[in-house]
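Novice: I am attaching a structure below and will ask some questions about it afterwards.
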Amino acid sequence: METILLNDSNSQLEKAAEFIKNGEIVGIPTETVYGLGADASNEDAVKRIFEAKGRPTDNPLIVHLSDFSYAKEYTKNIPELAYRLADRFCPGPLTMVLPKNEKIPMVTSGGLDTVGIRVPSHPVMKKIIELSGCPIAAPSANTSGYPSPTSAEHVMRDMSGKIAAVVDGGQSEFGVESTVIAIENENSVRILRPGYITREMLLEVCGEVIIDHAILHELEAGQKASSPGMKYKHYSPKADIIMVESSIDDFISYVGGNISEGTYCLIFDGDEKNFPYKFLTYGRDSVQQAHWIFQRLRELDDIGAKKVYVRAPSAEGVGLAVYNRLIRAAGFEVIRI
Ligand code: TXA
Ligand code: MG
């Protein structure tokens, strides 16, 4: 199959929507990362998303709607708290896990009786949902296990020949995927995957925000995952990622004692003065680091890095999302000095 590149003009977005209505898969920009979109109610189309990504079939897809008011068409027993959260955070990078109804096929929900609902704020994604008239199932548009794509070029690299089209909507603004939450009761939510909507922001709307243990810790054998995505290796470039939590001076000494052919470092902006080894930087604060992290992990593969020492980011606020992606890329190994 030839994968065509579309721009974000109206006529091209109509073409993208036409593909989706016809059961094809399209790479679509969102404010978080690029998604691999198909009609969430079309079982064959959804199956082909799993094939294109090489994704385990028990890992559910998020369903994207143009407005939260449509959530009741695909879910049931929506708690009042979900509406309060939607008022505050939709459209935007928040996914709420809700009980699904029969309009969402089991292939889409990975066999679960719940579905993740998200209302993206990116105008291109919104327009494509409206034009297609479908709820759009979309995982991140990377090959399963690889870092998520934050540009149309990343999607083309992973998906060319496997999907109908990619819509170029520029570089993703936030750079990490949405915050995924489950609603525990009328006043409490659990974060299943941290993202741009932080614990502190959620606390403005609900009394309690639980951070699931698996966000920072590896699941132990036999332990049940609150979200299937927690079970799988994620965000990993080909290079071996090693996280080092330390001052810049200790980081430099540690790397010096462990350096070998093909070693690179991923450090903060501001660390680079007199830095003695090959490096890339990934921003100064958590917001910048979220924006750049996946792009840099892909670049490190492109330049042939074999081993990458990453200066561990702050795990506060949006930083928790960056820390979570990196600790998973590193297989949960952190060197603390
Ligand atoms: O920002 C995003 O969320 C992007 C863009 C494209 O919207 N999408 C995305 O989808 O990151 P994906 O499939 O790469 O990640 C979805 C995560 C997975 O870890 C999955 O296990 C979890 O959300 N998830 C989805 N539905 C769930 C459900 N019903 N219950 C628990 N976890 C769920
Ligand atoms: Mg993903």
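The values are calculated or read from the model by the stated rules, or taken from the named source; none is laboratory data. Remember, it's a predicted structure, so these values are computed and weren't measured experimentally. Cβ placement follows ideal geometry from the backbone for every residue including glycine, while neighbour counts extend to all protein chains displayed.
Novice: Can you find even one residue in the range 70-91 that is out of contact with any helix residue (DSSP H, G or I) (no Cβ under 8 Å at 6 or more places or on another chain) and either farther than 29 Å from Val205 by Cα or of a type in the set (Gly, Ala, Ser) (or both)?
Specialist: no
Novice: Tell me whether the range 62-70 contains one or more residues that are in a loop (DSSP other than H, G, I, E, B), within 16 Å of ligand 2 (Cβ to nearest atom), closer than 17 Å to Asn142 by Cα and modelled with pLDDT of 95 or more.
Specialist: Of the residues in the range 62-70, the ones in a loop (DSSP other than H, G, I, E, B) are 65-67.
Narrowing further to those that are within 16 Å of ligand 2 (Cβ to nearest atom): none.
Looking for residues that are in a loop (DSSP other than H, G, I, E, B), within 16 Å of ligand 2 (Cβ to nearest atom), closer than 17 Å to Asn142 by Cα and modelled with pLDDT of 95 or more, one finds none in the range 62-70, hence no.
Novice: For residues in the range 188-210 being surrounded by 14 or more Cβ atoms within 10 Å (Cβ to Cβ) and away from ligand 1 (no atom under 15 Å from the Cβ), which is farthest from His291 (Cα to Cα)?
Specialist: Applying the filter and picking the extreme gives Ser188.
Novice: Still on this structure: Can you name the condition, by its number, that Leu202 falls short on among (1) in contact (Cβ under 8 Å) with a residue 24 or more places away in the chain; (2) within 16 Å of ligand 2 (Cβ to nearest atom); (3) closer than 27 Å to Thr75 by Cα; (4) in contact with a helix residue (DSSP H, G or I) (Cβ under 8 Å, 6 or more places away or on another chain)?
Specialist: (2)
Novice: Turning to a different aspect of this structure: Of the numbered conditions (1) within 25 Å of Asn274 (Cα to Cα); (2) surrounded by fewer than 14 Cβ atoms within 10 Å (Cβ to Cβ), Tyr254 fails exactly one; give the number of that condition.
Specialist: Of everything listed in (1) within 25 Å of Asn274 (Cα to Cα); (2) surrounded by fewer than 14 Cβ atoms within 10 Å (Cβ to Cβ), Tyr254 misses just condition (2).
Novice: Select from the range 219-251 the residues that are within 15 Å of ligand 1 (Cβ to nearest atom), over 16 Å from the mean Cα position of the chain (by Cα) and surrounded by fewer than 19 Cβ atoms within 10 Å (Cβ to Cβ) and list them in ascending order.
Specialist: Leu219, Lys224, Ala225
Novice: Could you tell me whether the range 21-34 includes any residue that is farther than 25 Å from Val176 by Cβ, touching a Ser or Thr at 6+ places or on another chain (Cβ under 6 Å) and touching a residue at least 24 places away in the same chain (Cβ under 8 Å)?
Specialist: yes
Novice: When you scan the range 147-168, how many residues do you find that are crowded, with 24+ Cβ neighbours inside 10 Å and in a loop (DSSP other than H, G, I, E, B)?
Specialist: Adding up the residues that qualify gives 5.
Novice: Does His217 satisfy the criteria of being within 16 Å of ligand 2 (Cβ to nearest atom) and not aliphatic (A, V, I, L, M)?
Specialist: no
Novice: Suppose we filter the range 61-91 for residues that are farther than 17 Å from Ile128 by Cβ, small (Gly, Ala, Ser) and within 20 Å of the chain's Cα centre (by Cα); how many remain?
Specialist: 1
Novice: Before we move on, is Ile117 of a type in the set (A, V, I, L, M), within 15 Å of ligand 1 (Cβ to nearest atom) and either crowded, with 24+ Cβ neighbours inside 10 Å or assigned to a loop (DSSP other than H, G, I, E, B) (or both)?
Specialist: So Ile117 fits the description; yes.
Novice: For the range 46-55, state whether one or more residues are within 16 Å of ligand 1 (Cβ to nearest atom) and farther than 22 Å from Ala152 by Cα. Before the answer, list the steps.
Specialist: Within the range 46-55, the subset within 16 Å of ligand 1 (Cβ to nearest atom) is 46-55.
If we keep only those that are farther than 22 Å from Ala152 by Cα as well, we get 47.
So far as the range 46-55 goes, yes, one or more of its residues are within 16 Å of ligand 1 (Cβ to nearest atom) and farther than 22 Å from Ala152 by Cα.
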